[in-house]
Amino acid sequence: MYSALSTGNLIKVNQSVNYWQHRVMAKAGANDEEANMLGEALLNADYRSHFSHGLNRLEFYYNDMKAGAISSSSNSQVKKSKYYFRLDEKLNIIQ
């Protein structure tokens with residue numbers, strides 16, 4: 001039986017979506033590490049059916065970064081565990 005969402009196809013879809021969101025956040029000013037971490041977190045939320053914390057949040061992160069509410073900085077400290085990631089900066093925080 002053929003499934004459009006076989007494991008191989010799902011991996012390709014995830015890679016494509018992650019690449020797309022990475023480009024979006026790079027245009028907003030995120031560095032590579034931050035864009036990768038955000039993409040991983042958003043995809044994982046969607047994968048676990050927490051859609052309110054998934055890719056639909058990308059627009060908010062993009063707009064906030066463009067407006068300066070959050071910023072990309074080499075002074076950032078990324079904290080990651082199996083269940084969450086957190087990006088702390090002095091005043092601007094992505095959680």
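Each reported figure results from applying straightforward, stated rules to the coordinates on display, with no laboratory input. As the structure is a prediction and not an experimental result, all values here were calculated from the model. Note that each Cβ is placed from the backbone with ideal geometry, even for glycine, and that neighbours are counted across all protein chains shown.
Of all the Cα-Cα pairs you can form in the range 7-69, what percent are over 16 Å apart?
Details: 818 of 1953 pairs.
The proportion of pairs with Cα distances above 16 Å equals 42 percent.
Quote to one decimal, in nm, the extra length available between Val13 and Ala69 on full extension: 0.36 nm per residue of separation minus the C-alpha distance between them. Walk me through the numbers on the way to the answer.
Values: separation 56, 0.36 × 56 = 20.16 nm, distance 3.05 nm.
Fully extending the segment from Val13 to Ala69 adds 17.1 nm.
Using Cβ counts within 10 Å as a stand-in for footprinting exposure, how do Met37, Met25 rank, fewest first?
Details: Met37 20, Met25 24.
Fewest to most other Cβ atoms nearby, the residues stand as Met37, Met25.
Could you give the length gained on full extension between Asn56 and Asn31, defined as 0.36 nm per residue of separation minus the Cα-Cα distance, in nm?
On the way: separation 25, 0.36 × 25 = 9.00 nm, distance 2.04 nm.
Contour length minus Cα-Cα distance gives 7.0 nm.
Rank these for me by crowding, Ser16, Ser52, Ser71, going from fewest to most other beta carbons within 10 Å. Spell out each step's value before the answer.
Working: Ser16 10, Ser52 7, Ser71 18.
So the ranking, lowest neighbour count to highest, is Ser52, Ser16, Ser71.
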